[in-house]
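Asks: Please see the structure below; I have some questions.
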Amino acid sequence: MRFLFRTFEVKRKEILEVEIDQPTKVKFMTARDLKAYRMGKTYSYHGGTFEESPIRFVVPYDGQWTVVVEKGTYHAPIDVKAQCHVVPPNSLVRSSIAVDAPDEIRQFALDRASTEELDEAAQEG
């Protein structure tokens, strides 16, 4: 397993923003999950495969969060360059949805975005 990673101490609603130079898997995980990931055990994460940059993840709760950018597989590595940083909370920024996210997650994100657009239009009108 080949990967890049960076750990941040972040607060709820702060945004982890990642820029990648080619399509790859980007995972956002807690310190406990990172340890399991490195040991090859079962772990959970937010994220998935992304084709475009920047990727934004709105932190759900305070703590130590790690951004992991996978560099392909052990036998088929890819040369990925990535940069990541923390962005202050911003109500206009939404989390990016991975291209390999389950259909119900993608639909939930689309429904939420359209509901918010209707609310904004109602407030303006």
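Asks: Highest mean first, how do 86-96, 48-58, 4-14, 26-36 rank when packing is the count of other Cβ atoms within 10 Å averaged over residues?
Replies: 26-36, 48-58, 4-14, 86-96
Asks: As I understand it, the dipole of region 3-124 uses +1 on the Cβ of Lys and Arg and -1 on the Cβ of Asp and Glu, about the Cα centre. Which of VAL80, ILE105, ASN90 lies farthest toward its positive end?
Replies: VAL80
Asks: Also: What angle, in degrees between 0 and 90 and rounded to the nearest 10, separates the Cα long axis of helix 103-124 from the longest principal axis of the Cα atoms of the chain?
Replies: 30
Asks: Oh, and also: Could you tell me the number of lysine pairs in the chain with C-alpha atoms less than 17 Å from each other, where the two lysines are 8 or more residues apart or belong to different chains?
Replies: Going through the chain pair by pair, I get 7.
Asks: If you don't mind, there's one more thing I want to ask. When the Kirkwood radius is taken over all Cα pairs of the chain, what Stokes-Einstein diffusion coefficient follows at 25 °C and 0.890 mPa s, in µm²/s?
Replies: Estimated diffusion coefficient is 157 µm²/s.
We did not get these values from a lab; they are worked out from the coordinates using the rules stated. Please read these numbers as outputs of a predicted model, since none were measured by experiment. Here the Cβ is made from the backbone with ideal geometry for all residues, glycine too, and neighbour counts use every protein chain on show.
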